[in-house]
Amino acid sequence: MLFLIGFTNKSCLTLKINILKRSSTIPAIIFFSFYLLPIAIFCQLDSTSKQVIEVNINLTDKTITSINNQYKKVEEKLQNFCLNTIVRLQKQESKLRRKFYNKDSLATGSVFITANQNYEVLLQRVKNPVGDNKGVNLNEYIPRVDSLQTMFRFLDKMAGNISGLPITKIQQIHTINNTLRNMQAQLQTATNIKQLINERKQQLNELFEKHGMGKELKKINKQVYYYQAQLNEYKSLLSDPDKLAQRTISLVKDLPAFKDFMSKNSQIAQLFSIPNGYGSIDALQGLQTRAIVQQQRSQTLAGAGGNPQQYLQQQVQQAQNELNKLKDKVNKFGGSGSDMVIPEFKPNSQKTKSFWKRLEYGLNIQSQKTNTLLPTTTDIALTTGYKLNDKSTIGIGAGYKMGWGKNISNIHLTGQGVSLRSHLDIRLKGSIWISGGYEQNYQHEFTKIDQLKYLNAWQKSGLIGLTKKYKVGKKNGNLQLLWDFLSYSQVPRTQALKFRIGYGF
């Protein structure tokens, strides 16, 4: 006899017995040890343990590894960001100390020694993160991270009370717990650095204003602003919804045991203590009912005339509009908080973005009519641009020249060469940009790559003109009219005016 055992979500245990004919029978003791004993143990588990086992079954190794790698990268980025910031601040302090010594040598020691000690303390925290869930700053509360971190802490705790879970799964949960804890510690250290440089900025402002060191003050203000903007960039990265994390949290969000654990051990629970008996009928004793609140509101708004409910809605809507305007102004300067820096310069929003996020990719097409020496051709080019700031982009590209023949009655597809390009775009006004570029064009058919090595066969092009950028759905498009001022010296000579149609990816 062969017993096949399966577990389902609806029942404790489904026992399917398929009787197969065999030449020998299974001894009773083996049957009990390998089949009935595990059944008995599983049936004795409470409902919470069974639910946790089901969660661990649905939570695949691939999912845990993917989430761990995702937050490990953020942790490493935060660590490098904090290390580079502290090192840069220490170098800046050394320069300021030398300059300030010439102004006031007696005050130099008290001004700079304590600051350097504070930097060293933060430097050690960055190198040796010790994550915990105590003393969490409300400004750094990120709901998605809190839910995910609390979920894995819950599974970690429950795994220790349940026997039979795979060791590899338990180790993976331990690993991701450490990753999330260290990432939270790095984020808190980054916040501490922000608080320190803001305090430092205020101290130096008072001293430098007395000694006419306005240039140094501007540098400090600029550095403080970009630090906060970069930190906000990391926070937004952590706050963005992630489908994988959302699906993972959905596995436990409805478990009563997890809800209870969340209410006592999450960051939000430590920020706002939840009273005992929250949500029960006893907790509602002594509170005003909805009818009493509506009656008091009507009495208060009776003097407004007309419909008190409508009057209240109008006032709330007006207040909401004012708050939205204020929020837009705050976001314009890079975030929120009482220590937010309002820049005294026009900030570059690209400066806080990573190298890859500052790249833009495009494709453009250009056609050239036939002449006595060249057939009709179409240039198809791929370009990559790097945003220096919000108003200028520099880039490179490469193109392929496709020949169509002499005329419509003599169509013949041929490869007519290649091109290497560089470009610079500067915003003129609105969607109009000034564009310039330098190109090298190989205007001959070739069958081998070695033929492209002859530099004398390449023609030079110098371009200047205008670009009109526009939207095509979610993609960007552009129209270019360029003048090749080097075309007059080319042999064979190409068109001086070039019209290109481009699309951005």
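The values are calculated or read from the model by the stated rules, or taken from the named source; none is laboratory data. All values derive from a computational prediction rather than experimental measurement. Cβ atoms come from the backbone with ideal geometry, glycine included; neighbour counts cover every protein chain shown. Note: areas computed on protein heavy atoms with side chains; ligands, DNA, RNA excluded. Shrake-Rupley method; radii C 1.70, N 1.55, O 1.52, S 1.80 Å.
Tabulated data for the structure shown
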{"item": "Estimated distance in nm for a label pair at SER422 and GLN318, the labels positioned 7 Å out from Cα along Cα-to-Cβ", "result": "6.0"}
{"item": "Simple spin-label estimate for ASP450 and LEU237 in nanometres, 7 Å along Cα-Cβ", "result": "4.8"}
{"item": "Inverse of mean 1/r across different Cα pairs in the range 180-259, Kirkwood, Å", "result": "15.8"}
{"item": "Residue-span extension gain [LEU359 to THR60] - 0.36 nm each, minus C-alpha spacing", "result": "104.2 nm"}
{"item": "Nearest-0.05 FRET efficiency for THR114 and VAL87, computed from C-beta distance (R0 22 Å)", "result": "0.75"}
{"item": "Under the Karplus curve 6.51 cos²θ - 1.76 cosθ + 1.60, θ = phi - 60°, whole-Hz ³J(HN,Hα) for the range 451-461, x wherever Gly or Pro sits", "result": "5, 7, 6, 7, 5, 5, 7, 8, 9, 9, 10"}
{"item": "Listed residue pairs exceeding 30 Å between alpha carbons, taken from LYS99/LYS222; LYS91/LYS357; LYS72/LYS351; LYS194/LYS474; LYS243/LYS264; LYS351/LYS475", "result": "LYS194/LYS474"}
{"item": "Among 144-151, 317-324, 251-258, the order from most to least packed when residues are scored by Cβ within 10 Å on average", "result": "144-151, 251-258, 317-324"}
{"item": "For the range 179-249 versus the range 473-505, the gap between their alpha-carbon centres in whole angstrom", "result": "43"}
{"item": "Exposure rank, largest accessible area first [PHE499, PHE152, PHE261; 1.4 Å]", "result": "PHE499, PHE261, PHE152"}
